[in-house]
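*Asks:* Have a look at this one.
The values are calculated or read from the model by the stated rules, or taken from the named source; none is laboratory data. Treat the numbers as computed from the prediction; the structure is a model and nothing was measured. All Cβ positions, glycine included, derive from the backbone under ideal geometry; neighbour counts span all protein chains shown. The area values use the complete protein model at the heavy-atom level, side chains included, leaving out ligands, DNA and RNA. Shrake-Rupley method; radii C 1.70, N 1.55, O 1.52, S 1.80 Å.
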Amino acid sequence: MAGNLTIDALLSLGVERLSSTGQPRGSDNLDAELLLAHTLGKTRTHLKTHPELAPSPEQARHYSDLLARRAAGEPIAYILGHRDFWTLTLAVNPSVLVPRPETELLVERALSLGPRGPAAVVDLGTGSGAIALALASERAQWAVTATDVSPDALNIARANAAANELTRVEFIEGQWFGPLKNRRFDLVVSNPPYVSEGDSALKDATLQHEPQIALASGPDGMSALREIVHGAPDYLERHGWLILEHGSDQAAAVAHELVGRGFGHVRSHRDLAGHWRLTEAQWRVPPHEDFVND
């Protein structure tokens, strides 16, 4: 990419380069703007208000390098080094999944079901800390714990907690409930891996950059979900809630597991795109065979 091009020209070339890859992103304009703004250390507003300015040749070359990474499928959040989630800005790298907007539904349901006052809450498989930190930011009286089997992920989560001044969140290394012996919680929340190991979606260029351990779970994608459902009663207070994110085609299967384990008030919810995204259930209330889709 030649130097001495204007911002407007660089953006046009960036969009052309990203759209020519044939990847079904649908956000090439936005990606090109984000990458150029990142390169220049400016805002997207600056790009729009000063389209005639010409970045240096070094900046143009750096922008070209970033475009190549994005064209190869690397998530934009990894390239930028951060992602906005809820009201927070979180650092991300290939050690953690990129937080998705649909996961904010889980935060909303947890805030709705949990008490306004003190509560013990655990986020299983916290990754970047997105869910745990979002809850801690909204409920100062909640004692929030977050677990993850990956020490690299926990390092990112701890850094995010410090950067957002949410230092009261407790981070513990371990698989699901493994490091939580003899502890009980009012809320257990999790966005576990739920893609089947043979799913062709895992071959997507973007997903191949993300940690596979946080994406795939057994031949039907239900292994982690089943493990959490089976173990949760030993760690829930009476009338405590379990809230699980899952795949859009897994609501009925997750509800079946919850009812079979003895949970009641089993309800599934759609995300803003209309996909079944999470299922919640309450412990030690009369279970029922039917479940409610909301």
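*Asks:* In region 60-72, which residue that is in contact (Cβ under 8 Å) with a residue 40 or more places away in the chain and either under 15 Å from Ala9 (Cβ atoms) or among the charged types (D, E, K, R) (or both) is most open to solvent (accessible area, probe 1.4 Å)?
*Replies:* It comes out as Arg61.
*Asks:* Same structure, new question: Looking only at region 220-241, decide whether some residue is at pLDDT below 95, within 27 Å of Ser150 (Cα to Cα) and assigned to a helix (DSSP H, G or I).
*Replies:* No, that holds for no residue.
*Asks:* Can I ask one more? Within region 244-264, restricting attention to residues that are part of a loop (DSSP other than H, G, I, E, B) and under 18 Å from Glu108 (Cβ atoms), which residue is most open to solvent (accessible area, probe 1.4 Å)? Before you say what the answer is, go through the steps one by one.
*Replies:* First, the residues of region 244-264 that are part of a loop (DSSP other than H, G, I, E, B): 246-250, 262-263.
Of the ones still in play, those that are also under 18 Å from Glu108 (Cβ atoms) are 246, 248.
Working: His246: 0, Ser248: 58 Å².
Among them, the one singled out is Ser248.
*Asks:* Answer with yes or no whether Ile172 is of a type outside the set (Ser, Thr, Tyr), open to solvent by 10 Å² or more (accessible area, probe 1.4 Å), within 17 Å of Thr103 (Cβ to Cβ) and at pLDDT 95 or above. Step through it out loud before you land on a result.
*Replies:* Numbers: of a type outside the set (Ser, Thr, Tyr): yes; open to solvent by 10 Å² or more (accessible area, probe 1.4 Å): yes; within 17 Å of Thr103 (Cβ to Cβ): no; at pLDDT 95 or above: yes.
So Ile172 does not fit the description; no.
*Asks:* Further, regarding this structure: Which pairs have Cβ atoms under 6 Å, sit 6 or more apart or on different chains, and link a residue in region 159-172 that is of a type in the set (Phe, Trp, Tyr) to one that is open to solvent by less than 60 Å² (accessible area, probe 1.4 Å)?
*Replies:* That search, which allows pairs on different chains as well, returns Phe171/Ala146; Phe171/Leu154; Phe171/Ala157.
*Asks:* Just wondering, is there one or more residues in region 43-59 that are in contact with a strand residue (DSSP E or B) (Cβ under 9 Å, 6 or more places away or on another chain), surrounded by 20 or more Cβ atoms within 10 Å (Cβ to Cβ), modelled with pLDDT of 95 or more and not in a loop (DSSP other than H, G, I, E, B)? Steps first, please.
*Replies:* Within region 43-59, the subset in contact with a strand residue (DSSP E or B) (Cβ under 9 Å, 6 or more places away or on another chain) is none.
No, every residue in region 43-59 fails to be in contact with a strand residue (DSSP E or B) (Cβ under 9 Å, 6 or more places away or on another chain), surrounded by 20 or more Cβ atoms within 10 Å (Cβ to Cβ), modelled with pLDDT of 95 or more and not in a loop (DSSP other than H, G, I, E, B).
*Asks:* Quick one: is Asp84 modelled with pLDDT of 95 or more and among the acidic types (Asp, Glu)?
*Replies:* Working: modelled with pLDDT of 95 or more: yes; among the acidic types (Asp, Glu): yes.
The answer is yes for Asp84.
*Asks:* Further question on the same structure: Within region 265-287, work out how many residues are free of Cβ contacts under 8 Å to residues at least 60 places away in the same chain and in a loop (DSSP other than H, G, I, E, B).
*Replies:* Residues that pass the stated criteria total 6.
*Asks:* Which of (1) of a type outside the set (Ser, Thr, Tyr); (2) in contact with a helix residue (DSSP H, G or I) (Cβ under 7 Å, 6 or more places away or on another chain); (3) within 17 Å of Leu111 (Cβ to Cβ); (4) part of a helix (DSSP H, G or I) does Ala136 not meet, given it meets every other one?
*Replies:* (2)
*Asks:* Something else about it: Working only within region 123-143, note down all residues that are farther than 15 Å from Pro179 by Cβ and either touching a His at 6+ places or on another chain (Cβ under 6 Å) or crowded, with 23+ Cβ neighbours inside 10 Å (or both). Steps first, answer last, please.
*Replies:* Of all residues in region 123-143, those farther than 15 Å from Pro179 by Cβ come to 127-131, 133-143.
Correct list: Gly127, Ser128, Gly129, Ala130, Ile131, Leu133, Ala134, Leu135, Ala136, Trp142.
*Asks:* In addition: Quickly run through region 14-42 and pick out the residues that are open to solvent by 70 Å² or more (accessible area, probe 1.4 Å) and modelled with pLDDT of 95 or more.
*Replies:* Correct list: His38, Lys42.
*Asks:* If you don't mind, another one. Select from region 83-106 the residues that are under 21 Å from Val188 (Cα atoms) and not hydrophobic (A, V, I, L, M, F, W, C) and write down the one among them that is surrounded by the fewest Cβ atoms within 10 Å (Cβ to Cβ).
*Replies:* Filtering region 83-106 for residues that are under 21 Å from Val188 (Cα atoms) and not hydrophobic (A, V, I, L, M, F, W, C), the one surrounded by the fewest Cβ atoms within 10 Å (Cβ to Cβ) comes out as Pro101.
*Asks:* Here are some residues: Arg116, Arg109. Which one is closer than 30 Å to Ala140 by Cβ, open to solvent by 30 Å² or more (accessible area, probe 1.4 Å) and modelled with pLDDT under 95? So that I can check it myself, show each step before the final result.
*Replies:* Numbers: Arg109 fails: modelled with pLDDT under 95.
Only one candidate passes the filter, namely Arg116.
*Asks:* While we're looking at this one, here's another question. Starting from region 91-113, keep only residues that are closer than 21 Å to Asp152 by Cα, then list their pairs with residues that are in a helix (DSSP H, G or I) and of a type in the set (Asp, Glu) whose Cβ atoms are within a distance under 6 Å, requiring at least 6 positions of separation or different chains.
*Replies:* Ser95/Asp152
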